[in-house]
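Below is one structure, written out as structure tokens, with a few remarks after it.
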Amino acid sequence: MNQPRSKKKSNFLSDMLFNIIAPALILSKLSTEDTLGPVWSVVIALAFPLAYGGWSLIKSGKVNFFSILGVISVLLTGGISLLQLDPAYIAIKEAMVPALIGVAVLISQYTRYPLVKTLLINPEVIDIEKLDKALALRGNSAKFAKSTERAGFIVAGTFFISAALNYILAKAIVVSLPGTTAYAEELGRMTWLSYPVIALPSMVMLMAAIFYIFRQIGRLTGQSLEEFIVL
């Protein structure tokens with residue numbers, strides 16, 4: 001019964017290690033000329049999230065919008081760094097990725113497959129078929145669809161706020177020209193700070209949306225949430 005929780009904890013630690021800790025350490029500690037140098041430190045640091053993202057895609061066997069955006073984000077950072085473009089492009093790129101996700105969430109609200117369901121009502125956690133039957137039995141399917149729509153606006157807003165914070169953080173920190181040790185160290189500092197400054201507030205807002213949806217499940221089905229949890 002504790003296996004899913006252990007798996008989630010393991011995934012979280014792997015995400016932190018490959019996407020934040022390893023790249024930040026390499027950029028901040030190994031970017032000097034007598035170590036890896038400013039160019040190779042960026043290449044190797046970006047190889048960690050890129051390789052981890054590719055491995056996760058192969059392991060899951062699923063290609064989704066968010067995974068693709070993550071890979072594109074890493075490739076853009078590498079391209080901007082290796083082509084030694086103006087550091088302002090880093091700020092634009094940092095804002096662009098969450099902004100695109102926010103736009104995708106909003107657009108999908110008006111399709112048959114809203115992305116918010118993928119984010120908040122994961123079939124690996126919630127028994128969707130059982131939930132749909134319970135909602136239909138009480139005639140609350142339409143009401144739950146409205147609740148999901150409201151949660152979708154919260155989620156989209158979360159990504160738009162993240163885009164603004166990303167831009168501000170990158171603009172304030174990454175000011176040196178690519179190809180320099182200072183630039184690599186600034187990328188490392190931005191990576192470290194992105195978690196407390198951006199990821200934590202975004203997680204709080206996403207948790208608020210999840211809490212709202214879970215409350216609606218209980219209210220509209222007349223059953224406890226535990227009835228729909230996949231064990």
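Quick rundown of the values:
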item	result
The stretch 20-31 residues that are under 16 Å from L50 (Cα atoms), paired with ones that are among the small types (G, A, S) and assigned to a helix (DSSP H, G or I) (beta carbon under 6 Å, 6 or more apart)	P23/A45; A24/G188; I26/S41; I26/A45; L27/S41; L27/A45; L27/A184; L27/G188
All positions within the stretch 37-53 that are surrounded by fewer than 18 Cβ atoms within 10 Å (Cβ to Cβ) and among the aromatic types (F, W, Y)	W40
Residues that are touching a residue at least 24 places away in the same chain (Cβ under 8 Å) and crowded, with 21+ Cβ neighbours inside 10 Å, drawn from the stretch 157-184	T158, F159, S162, A163, N166, A170, V174, P178, Y183, A184
Residue check for R215: part of a helix (DSSP H, G or I), touching a Leu at 6+ places or on another chain (Cβ under 9 Å) and over 19 Å from L25 (Cβ atoms)	yes
Only listed residue being under 16 Å from the mean Cα position of the chain (by Cα), farther than 30 Å from L177 by Cα and surrounded by fewer than 18 Cβ atoms within 10 Å (Cβ to Cβ), chosen from A142, A136, A104	A104
Selection count, the stretch 32-48, where residues are in a helix (DSSP H, G or I) and under 17 Å from L177 (Cα atoms)	6
Among (1) modelled with pLDDT under 90; (2) closer than 16 Å to I213 by Cα, the one test that T181 misses	(2)
Residue in the stretch 81-94 that is of a type in the set (S, T, N, Q), crowded, with 19+ Cβ neighbours inside 10 Å and in contact with a helix residue (DSSP H, G or I) (Cβ under 7 Å, 6 or more places away or on another chain) present	yes
From the options I121, I107, I173, residue that is closer than 20 Å to L193 by Cα and among the β-branched types (V, I, T)	I173
Single residue of the stretch 145-155 satisfying the filter (surrounded by fewer than 21 Cβ atoms within 10 Å (Cβ to Cβ) and of a type in the set (A, V, I, L, M)) that is farthest from T77 (Cα to Cα)	A145
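Residue by residue, here is whether (1) at pLDDT below 90; (2) under 17 Å from M205 (Cβ atoms); (3) not in a helix (DSSP H, G or I); (4) not charged (D, E, K, R) holds:
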{"position": "G78", "(1), (2), (3), (4)": "yes, no, no, yes"}
{"position": "I90", "(1), (2), (3), (4)": "no, no, no, yes"}
{"position": "Y110", "(1), (2), (3), (4)": "yes, no, yes, yes"}
{"position": "K117", "(1), (2), (3), (4)": "yes, no, no, no"}
{"position": "N122", "(1), (2), (3), (4)": "yes, no, yes, yes"}
{"position": "K133", "(1), (2), (3), (4)": "no, no, no, no"}
{"position": "A151", "(1), (2), (3), (4)": "no, yes, no, yes"}
{"position": "K171", "(1), (2), (3), (4)": "no, no, no, no"}
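The values are calculated or read from the model by the stated rules, or taken from the named source; none is laboratory data. Quantities reported herein were computed from a predicted structural model and do not represent experimental measurements. Positions of Cβ are generated from backbone atoms using ideal geometry, with glycine treated the same way; all protein chains shown enter the neighbour counts.
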